[in-house]
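The values are calculated or read from the model by the stated rules, or taken from the named source; none is laboratory data. Note that this is a predicted model, so its numbers are computed, not measured. Cβ: placed from backbone, ideal geometry, glycine included. Neighbour counts: every protein chain shown.
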């Protein structure tokens, strides 16, 4: 019998329950994947609490994982039993085994371990679209990364550094500042203690940054906006401190004809061509050694409630992996 972590209502980590679930055989266009590692992300928290509503209950959470194909449907093409695969943006990952269509699956190349894959698919492909699509970073740009010691932050900072940017990372503690510096940040700011925009102006000689990548949300919105150069870009891609509400769009004009984007990874991997391009860029930069996947902590899947508590309390660093 397959084990899965499911919720029957929105709420705190206590609503996450371990249950036995029968999954059966794959349909004609499906495969059965046995998970070897599962990624933990803030989107899981948003869905658990209802900030991102789900269609119905009970629901299995989790958006990314790596594993091995154990069975394939009759109409499946391009995937076979025994293939090592990974995926992101595929709700239902908190389980030992699952059925799914192959539209979100990619094959893992040799040299990418399963735990690394589970830790980097969602966060790494997020870093990729942020740096190459939301604002295409050029050598010589200065960029600001909020939560630079987190899962996306460490990958984003390394990759931006690799592209030739000056990377300024905002973190919540001296320990996280050291971690951010080890992962590509040239400068760090303790955003709870320092005036972020003033420090950015000092670092950039008054110019400001070309782009601010902000996954924190409401608490850091103004600091990110005030750190931008004229016509700079704020990419708000998360709500760790709560969603942004009642935003006056006129501020973008007042603060220098700024650009604001609120993207989601799903848009950037919405078809096979885009998914393969995004995943292959990620695999290439990781295999080259330019970006290293840092797994800060692992938990047994059965302990996912504690993993959620630690993530929400900012006790985690780097990526978090759940082990089925």
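Does residue 38 qualify as being in the same structural domain as residue 112 (by TED's automatic domain parsing) and under 19 Å from the mean Cα position of the chain (by Cα)? Write out each step before concluding.
On the way: in the same structural domain as residue 112 (by TED's automatic domain parsing): yes; under 19 Å from the mean Cα position of the chain (by Cα): yes.
The answer is yes for residue 38.
All but one of (1) in a loop (DSSP other than H, G, I, E, B); (2) under 19 Å from residue 120 (Cα atoms); (3) under 18 Å from the mean Cα position of the chain (by Cα) hold for residue 289, so report the exception by its number.
With (1) in a loop (DSSP other than H, G, I, E, B); (2) under 19 Å from residue 120 (Cα atoms); (3) under 18 Å from the mean Cα position of the chain (by Cα) applied to residue 289, the lone miss is (3).
If you check 44, 56, 25, which single one turns out to be in a loop (DSSP other than H, G, I, E, B) and either touching a strand residue (DSSP E or B) at 6+ places or on another chain (Cβ under 8 Å) or closer than 27 Å to residue 273 by Cα (or both)?
On the way: 44 fails: in a loop (DSSP other than H, G, I, E, B); 56 fails: either touching a strand residue (DSSP E or B) at 6+ places or on another chain (Cβ under 8 Å) or closer than 27 Å to residue 273 by Cα (or both).
Unique residue meeting the criteria: 25.
Can you find, within region 97-137, the residue that is farthest from residue 168 (Cα to Cα) among those that are part of a loop (DSSP other than H, G, I, E, B) and free of Cβ contacts under 8 Å to residues at least 40 places away in the same chain?
Here is the first cut: in region 97-137, the ones part of a loop (DSSP other than H, G, I, E, B) are 108-113, 135-137.
Subset that is free of Cβ contacts under 8 Å to residues at least 40 places away in the same chain: 110, 113, 136.
Details: 110: 33, 113: 30, 136: 17 Å.
Checked region 97-137; the qualifying residue farthest from residue 168 (Cα to Cα) is 110.
Residue-by-condition table, conditions (1) touching a helix residue (DSSP H, G or I) at 6+ places or on another chain (Cβ under 6 Å); (2) over 18 Å from residue 151 (Cα atoms); (3) part of a loop (DSSP other than H, G, I, E, B); (4) touching a residue at least 12 places away in the same chain (Cβ under 8 Å):
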position: 179; (1), (2), (3), (4): no, no, no, yes
position: 184; (1), (2), (3), (4): yes, no, yes, yes
position: 205; (1), (2), (3), (4): no, yes, yes, no
position: 211; (1), (2), (3), (4): no, yes, no, yes
position: 221; (1), (2), (3), (4): no, yes, no, yes
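So which residues in region 149-172 are surrounded by fewer than 24 Cβ atoms within 10 Å (Cβ to Cβ) and closer than 19 Å to residue 221 by Cα? If you could, list the steps in order and put the result at the bottom.
Initial filter on region 149-172 (surrounded by fewer than 24 Cβ atoms within 10 Å (Cβ to Cβ)): 158, 161-164, 166, 172.
Correct list: 172 only.
Could you look through region 103-134, keep only residues that are over 15 Å from residue 88 (Cα atoms) and out of contact with any helix residue (DSSP H, G or I) (no Cβ under 8 Å at 6 or more places or on another chain), and pick out the one that is surrounded by the fewest Cβ atoms within 10 Å (Cβ to Cβ)? Even if it seems obvious, please write down each step before you answer.
Kept after step one, since they are over 15 Å from residue 88 (Cα atoms), are these residues of region 103-134: 109-113, 130-134.
Then drop every residue that is not out of contact with any helix residue (DSSP H, G or I) (no Cβ under 8 Å at 6 or more places or on another chain), which leaves 110, 113, 134.
Working: 110: 7, 113: 16, 134: 21.
So, considering only residues that are over 15 Å from residue 88 (Cα atoms) and out of contact with any helix residue (DSSP H, G or I) (no Cβ under 8 Å at 6 or more places or on another chain), the one surrounded by the fewest Cβ atoms within 10 Å (Cβ to Cβ) is 110.
Might you check whether a residue that is assigned to a loop (DSSP other than H, G, I, E, B), modelled with pLDDT of 95 or more, under 19 Å from residue 139 (Cα atoms) and over 26 Å from the mean Cα position of the chain (by Cα) occurs anywhere in region 225-240?
No.
In the same structural domain as residue 179 (by TED's automatic domain parsing) and in a helix (DSSP H, G or I): is that true of residue 311 in this structure? Let's see the steps before the verdict.
Working: in the same structural domain as residue 179 (by TED's automatic domain parsing): no; in a helix (DSSP H, G or I): yes.
So residue 311 does not fit the description; no.
Any chance you could count how many residues in region 281-298 are over 16 Å from residue 183 (Cα atoms), in contact (Cβ under 8 Å) with a residue 40 or more places away in the chain and touching a strand residue (DSSP E or B) at 6+ places or on another chain (Cβ under 8 Å)?
Residues in region 281-298 being over 16 Å from residue 183 (Cα atoms), in contact (Cβ under 8 Å) with a residue 40 or more places away in the chain and touching a strand residue (DSSP E or B) at 6+ places or on another chain (Cβ under 8 Å): 1 in total.
Is it true that some residue in region 261-269 is touching a helix residue (DSSP H, G or I) at 6+ places or on another chain (Cβ under 9 Å), assigned to a helix (DSSP H, G or I) and exposed (fewer than 14 other Cβ atoms within 10 Å of the Cβ)?
Checked region 261-269: at least one residue is touching a helix residue (DSSP H, G or I) at 6+ places or on another chain (Cβ under 9 Å), assigned to a helix (DSSP H, G or I) and exposed (fewer than 14 other Cβ atoms within 10 Å of the Cβ).
I'm told residue 243 meets every condition in (1) out of contact with any strand residue (DSSP E or B) (no Cβ under 8 Å at 6 or more places or on another chain); (2) surrounded by 14 or more Cβ atoms within 10 Å (Cβ to Cβ); (3) within 20 Å of residue 43 (Cβ to Cβ); (4) assigned by TED's automatic domain parsing to the domain that holds residue 161 except one. Can you identify the failing condition by its number?
(2)
Take the residues of region 178-196 that are buried (at least 19 other Cβ atoms within 10 Å of the Cβ) and over 19 Å from the mean Cα position of the chain (by Cα): which is modelled with the lowest pLDDT? Reasoning before the result, please.
Here is the first cut: in region 178-196, the ones buried (at least 19 other Cβ atoms within 10 Å of the Cβ) are 179-180, 183-185, 187-189, 191, 196.
Within this subset, residues satisfying the condition of being over 19 Å from the mean Cα position of the chain (by Cα) are 187-189, 191, 196.
On the way: 187: 98, 188: 98, 189: 98, 191: 91, 196: 97.
The extreme case among them is 191.
Among (1) buried (at least 22 other Cβ atoms within 10 Å of the Cβ); (2) in contact with a strand residue (DSSP E or B) (Cβ under 6 Å, 6 or more places away or on another chain); (3) closer than 22 Å to residue 316 by Cα, there is one condition residue 209 misses while meeting the rest; what is its number?
Of everything listed in (1) buried (at least 22 other Cβ atoms within 10 Å of the Cβ); (2) in contact with a strand residue (DSSP E or B) (Cβ under 6 Å, 6 or more places away or on another chain); (3) closer than 22 Å to residue 316 by Cα, residue 209 misses just condition (3).
Which condition number in (1) surrounded by 20 or more Cβ atoms within 10 Å (Cβ to Cβ); (2) under 29 Å from residue 240 (Cα atoms) is the one that residue 31 fails?
Only one criterion in (1) surrounded by 20 or more Cβ atoms within 10 Å (Cβ to Cβ); (2) under 29 Å from residue 240 (Cα atoms) is unmet by residue 31, namely (2).
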